[in-house]
Amino acid sequence: MKIMYVDASTDGHHLTYLNYLLQAVPGDSFAVLPQDTDKVKGRARKISAAGTRSFQEYGNWMKELRGIAEEERPDIIHFLDGDSMMRHFGRGLARFKNARIIITFHHLFGGKARELSMRNMLKHASAGVFHTEEICEKVEGMGCRNVECVPYPCFLDVPAGMSGAYGSEPPKLLALGGTRYDKGLDILLEALQQVREPFRLVIAGKPEDFDEAFIRQKAERYQDRVELCLHFLSDEEVKQFLQEADIIVLPYRKLFDGASGPMCEGIYLGKTIVGPEHGSLGQLIRSTHTGYTFESENVEKLAACLEYALSHPCLYDDTAYAAQQELKPELFAERYLRIYQKAIKN
């Protein structure tokens, strides 16, 4: 089986996701990426087209991909980030004649235009892959039937953790990942002004919409309890921050609906999760019994939820431990392999 993995980015979890598939799925597979990198664990080709942002850039990108596909003759072309392609409504996908197409979407964005785009994209695909059952059900409700669920796994090379009393005194809150607007760091910083329970806050990740000056200004009242590590994190740094944390905080806005890497990794490590009640995030926290939810985008409700979580560690039950097992990366690879085999067979 020869798979051509395509991604328009090498940031964040993109390379981790790609590398696991390159290593775990048997066959003569390779990646097509926008830049050279020595971090790919397999064969990779660089694409010269600028990317997917503008109409012309996207057209050039697809044209170059078709040329590579004609040369390499893969059985499957797997687009690893369908989210970045949605503004183009599936343009060009029908022209890949000799390979099955798989598209992975990491989030579900609202609006009729995005719904139409997703339906158009999936018309040309053997499968659209999503990371939560709730999103799969929503997409099926749009009339799409070629929908598959592959839960986002924990890629950390560590054993599953046991929940229990917090290991830090005071408990350590972790906000992990790029400081994007949709991830709601500003909401968390404001909520913590109302929290009276002792805490320490670690903010670790690439500065994006909220920079160091903004964070320090918002956290001025409790600045002695804040630790910042504002840069793109290595895998080892991510692992260390997660292992040292007691509570993983996800103050995400309503426009974010999808799987969260820090949440999945936190569950796998047995951490208490604090997240919004909306969408897949809230559904996963509630159904897996792994933490506490608050009314999305409500500062007062988040503050109250944190007050409770700081003095009440989430003690995992059998449901939570079963959810941990579902996050094993071996299952992630097995599920994708079944999707690939089904696509070739059909």
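Here are a few things to note about the model shown:
- Rounded to 10°, Cα long-axis angle of helix 55-72 versus longest principal axis of the chain: 60
- Gain in span if fully extended, Gln193 to Arg73, counting 0.36 nm per residue against the direct Cα distance: 37.5 nm
- Amide H within-cut-off set for Ala44, under 5 Å, with H built and near neighbours excluded: Ala31
- Angle between the chain longest axis and helix 329-345 axis [Cα atoms, degrees, rounded to 10]: 20
- Between the amide H of Thr272 and those of Ile248, Cys314, distances stay under 5 Å, these residues lying 5 or more places away or on another chain, with hydrogens modeled in the peptide plane.
- Karplus-derived 3J(HN,Hα) values for segment 105-111, using 6.51 cos²θ - 1.76 cosθ + 1.60 with θ = phi - 60°, are 10, 9, 9, 10, 9, x, x Hz; glycine and proline are entered as x.
- Net length gained if the chain between Arg216 and Leu116 were fully extended (0.36 nm per residue, minus Cα distance): 31.8 nm
- Here the spin labels are modelled as points 7 Å beyond Cα on the Cα-Cβ line, and at Glu57 and Gln341 they lie 3.9 nm apart.
- Of the chymotrypsin sites (Phe, Trp or Tyr not before Pro) found in segment 202-245, those that fall in a DSSP loop while having at most 13 other beta-carbon atoms within 10 Å are Phe232.
- Hz values of 3J(HN,Hα) by residue in segment 281-296 - Karplus curve (6.51, -1.76, 1.60), Gly and Pro given as x: 4, x, 4, 5, 4, 5, 6, 9, 6, 10, x, 10, 10, 9, 5, 4
- Largest GNM mean-square fluctuation across Gly67, Gly82, Gly184, computed for the chain with C-alpha springs under 10 Å, falls on Gly67.
- Gyration tensor over alpha-carbon atoms, segment 108-148, equivalent ellipsoid semi-axes in Å: 14, 13, 8
- J(HN,Hα) series, segment 190-206, from Karplus relation 6.51 cos²θ - 1.76 cosθ + 1.60, nearest Hz, glycine and proline x: 6, 4, 5, 5, 9, 8, 9, 4, x, 7, 10, 10, 10, 10, 9, x, 6
- Solvent-accessible area per residue in segment 99-179 equals 42 Å², computed with a 1.4 angstrom probe and all protein chains kept.
- Per residue, the chain reaches -11500 deg cm²/dmol at 222 nm when only DSSP H runs of four or more residues are counted, each adding -39500 (n - 2.57).
- For the chain, the relative contact order works out to 15 percent when only alpha carbon pairs closer than 8 Å and six or more residues apart are counted.
- GNM top mover of Leu188, Leu230, Leu306 - the chain, alpha-carbon springs below 10 Å: Leu230
- Protein-only accessible surface at a 1.4 angstrom probe places the residues Asp28, Asp157 in the order Asp157, Asp28, largest first.
- Amide H to amide H, with H built 1.01 Å from N, Arg253 comes under 5 Å of Lys183, Gly184, counting only residues 5 or more places away or on other chains.
- Kirkwood hydrodynamic radius over Cα pairs of segment 12-70, then Stokes diffusion coefficient at 10 °C and 1.306 mPa s, in µm²/s: 127
- When only Cα pairs below 8 angstrom with a gap of at least 6 residues are kept, segment 76-210 shows a relative contact order of 18 percent.
- Available extension along the chain between Arg43 and Gln243 is 68.8 nm, counting 0.36 nm per residue and deducting the alpha carbon span.
- Calculated volume of the Cα convex hull per residue in Å³ (choose from (i) 130; (ii) 179; (iii) 140), label: (i)
- Kirkwood-Stokes translational diffusion coefficient of segment 203-289, alpha-carbon pairs, 10 °C, 1.306 mPa s, µm²/s: 111
- Set Lys63/Lys112; Lys172/Lys271; Lys254/Lys328; Lys239/Lys271; Lys46/Lys345; Lys63/Lys97 screened for pairs whose C-alpha atoms are more than 18 Å apart: Lys63/Lys112; Lys254/Lys328; Lys46/Lys345
- Crossing angle, helix 14-24 versus the chain [Cα axis fit, 0-90 degrees, rounded to tens]: 60
The values are calculated or read from the model by the stated rules, or taken from the named source; none is laboratory data. Since the model is a prediction, treat every value here as computed from it, not as a measurement. With ideal geometry, Cβ positions are generated from the backbone for all residues, glycine too; neighbour counts draw on all protein chains shown. To get the accessible areas, we keep the full protein, side chains included, count just its heavy atoms, and leave off ligands, DNA and RNA. Shrake-Rupley method; radii C 1.70, N 1.55, O 1.52, S 1.80 Å.
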